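Remarks on the structure that follows.
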Amino acid sequence: MQKVNRYALLLLWLVSTLSFAQGQENCLSIQADYAALIESGKYRFSKEVANESSASVNFKKLASYQQYLTQTYQEIVNKNPKASMPCPIVTDTYQQLAKQNQWSQTPQISQLVAPFELAQDHNDKAILLIHGLTDSPFSFHDLSQFFYQQGFTVRTLLLPGHGMAPSELLTADYNEWQQATKFAIEQTLNDYQQVYLGGLSTGGALIFDYLMQKKHVDEKIKGLFMWSPASKAKSDLAWLAKYIDAIPFVDWLDLDADIDFAKYESFPYNAATQVDAIMNLVAGEQALASRKMHEIPVFVVASEHDQTIDTEHTLQLIQQWQLASPQEQMQKSVLIYYGNNNKLPKKLVKVMQVIVPECSAESLCDEIFDVAHIATTNSPDNPHYGVNGQYRNCGHYVKDAARYQACKQNKQVIKGEVTTMNLNRELPMQRLTYNPYYQEMLAAMTVFLKATH
């Protein structure tokens with residue numbers, strides 16, 4: 001009898017230990033399973049739900065921004081396969097939101113990727129921030145603190161098809177992104193007297209698209225912030241995406257592990273098709289005649305070595321935007337350029353302030369091999385993407401298993417943008433996910449806000 005009890009106790013201990021281990025699975029622990037997750041696609045597809053409450057947000061029927069936040073959060077909970085997974089990535093913005101919403105000290109993924117509002121009491125100014133393709137509002141957790149400390153109510157938007165699983169982008173349509181952008185901008189203009197609009201990559205293109213379609217814009221809009229704004233894909237083959245996407249059963253450009261809770265890693269052809277359509281509306285040759293430029297100062301952050309967006313094309317677009325303004329207004333605008341200033345268009349330096357940061361020895365930027373497209377909005381102190389964050393962006397090696405593993409696990413890696421030169425270096429390269437010039441950028445943003453408010 002005593003022997004049986006020992007076995008029973010041992011079995012109970014094993015079961016409880018296993019249950020505890022399973023219960024401890026979080027956004028950090030799953031990173032060790034990247035190879036299996038690439039193969040299985042466990043987090044690649046959104047949860048199947050049949051009830052009406054899981055339907056996508058209807059932007060035409062929303063009565064307020066708060067209603068938008070509530071409905072979108074519920075959609076994330078319903079569809080994101082990792083929604084309830086604990087994620088011990090605690091930012092200052094999360095702490096503020098946790099206090100505001102009575103959330104626990106340890107976030108769930110749904111709370112980190114959801115759109116949010118940091119509201120000020122009795123203020124009349126706000127900034128709306130729109131993320132990039134495959135991203136989520138987490139990409140603005142750092143910058144939100146800066147704007148909040150400057151006295152702004154901070155609002156973020158989650159683009160349809162994001163914040164859940166990459167499969168949502170298989171059927172995403174840029175018209176939905178336009179509707180979401182229109183709602184968010186116009187609701188914010190309705191609620192506040194001074195408004196700034198900020199966009200990362202595709203978010204920037206959507207803001208330009210909204211403004212360029214209007215003959216006249218609301219005078220409440222005091223300025224724009226554009227981080228790595230999307231204008232034209234770096235790859236000359238990007239235009240092929242819509243034709244490849246039309247081939248039956250050919251859906252994915254990249255199949256990755258999808259362990260980054262804040263950004264999709266697997267990438268459908270349709271996603272490229274939709275963002276290409278938006279960029280064509282903003283900077284395509286056929287858009288030139290119909291688009292309307294406006295006298296709104298702009299703060300731009302761009303990297304010469306950006307491997308997602310053609311920075312040269314972006315600078316041409318910014319120059320055209322600037323030339324629509326009188327000289328006095330032009331000089332309020334700022335370009336922070338991570339690259340060789342000799343490669344800047346000569347006319348551009350005459351129509352806006354240009355800042356080219358220098359990297360001194362032993363500074364944070366000293367061992368960085370070019371600033372990446374995805375790095376511009378994140379602080380080096382970001383607990384997920386920063387210097388000490390556990391996550392490594394290695395998707396550029398996803399078709400080379402050995403190099404991918406080295407990028408993920410080697411003690412010695414380099415950080416930078418995925419240029420051909422950097423990929424040919426001896427050490428594996430982790431794509432840079434934070435801005436080594438972050439503090440200098442905030443200082444310049446402070447000056448811009450004082451000049452434009």
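Derivation of every value follows stated rules applied to the coordinates shown; laboratory data play no part. Owing to the predicted nature of the structure, the values given are computational and were not obtained by experimental measurement. When we count neighbours, we look across all protein chains shown, and the Cβ atoms used for this are built from the backbone with ideal geometry, even at glycine.
Tabulated data for the structure shown
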{"read-out": "Exposure proxy ranking, count of Cβ atoms within 10 Å, fewest first, for 300, 351, 413", "value": "413, 351, 300"}
{"read-out": "Per-residue HN-Hα couplings for the range 312-328 [Karplus 6.51, -1.76, 1.60; θ = phi - 60°; Hz; x = Gly/Pro]", "value": "4, 5, 4, 5, 5, 5, 5, 4, 5, 4, 5, 5, 7, 10, x, 3, 4"}
{"read-out": "Computed over the range 2-292: relative contact order in percent, which uses C-alpha pairs under 8 Å that are six or more apart", "value": "19 percent"}
{"read-out": "The range 358-429 and the range 433-453: distance between their alpha carbon centers, rounded to Å", "value": "23 Å"}
{"read-out": "Under 5 Å, built H, 5+ apart or other chain: amide partners of residue 354", "value": "335"}
{"read-out": "For the chain, calculated [θ]222 nm from helices alone, where every DSSP H run of n ≥ 4 adds -39500 (n - 2.57)", "value": "-11000 deg cm²/dmol"}
{"read-out": "Cα Rg, Dmax, the range 116-268, angstrom units", "value": "16.6, 54"}
{"read-out": "Peptides 33-39, 213-219, 57-63, 134-140 ordered by average Cβ neighbours within 10 Å, highest first", "value": "134-140, 33-39, 57-63, 213-219"}
{"read-out": "Reach of residue 42 by Cα under 18 Å, taken over lysines that are not fewer than 8 positions away in the same chain", "value": "79, 82, 263"}
{"read-out": "The range 2-292: antiparallel DSSP beta bridges as a percent of all, rounded to 5", "value": "25 percent"}
{"read-out": "Lys pairs, the range 295-453 - Cα-Cα below 27 angstrom, 8 or more residues apart or on other chains", "value": "12"}
{"read-out": "Net charge over other residues, Cβ less than 13 angstrom from the Cβ of residue 182 (K, R count +1; D, E count -1)", "value": "-2"}
{"read-out": "For the range 109-115, Karplus couplings with θ = phi - 60° (6.51, -1.76, 1.60), whole Hz, Gly/Pro x", "value": "4, 4, 6, 7, 9, 6, x"}
{"read-out": "J(HN,Hα) series, the range 384-391, from Karplus relation 6.51 cos²θ - 1.76 cosθ + 1.60, nearest Hz, glycine and proline x", "value": "9, 9, x, 3, 9, x, 6, 6"}
{"read-out": "Viscosity 1.567 mPa s, temperature 4 °C, Stokes-Einstein D of the range 55-144 from Kirkwood C-alpha radius, µm²/s", "value": "92 µm²/s"}
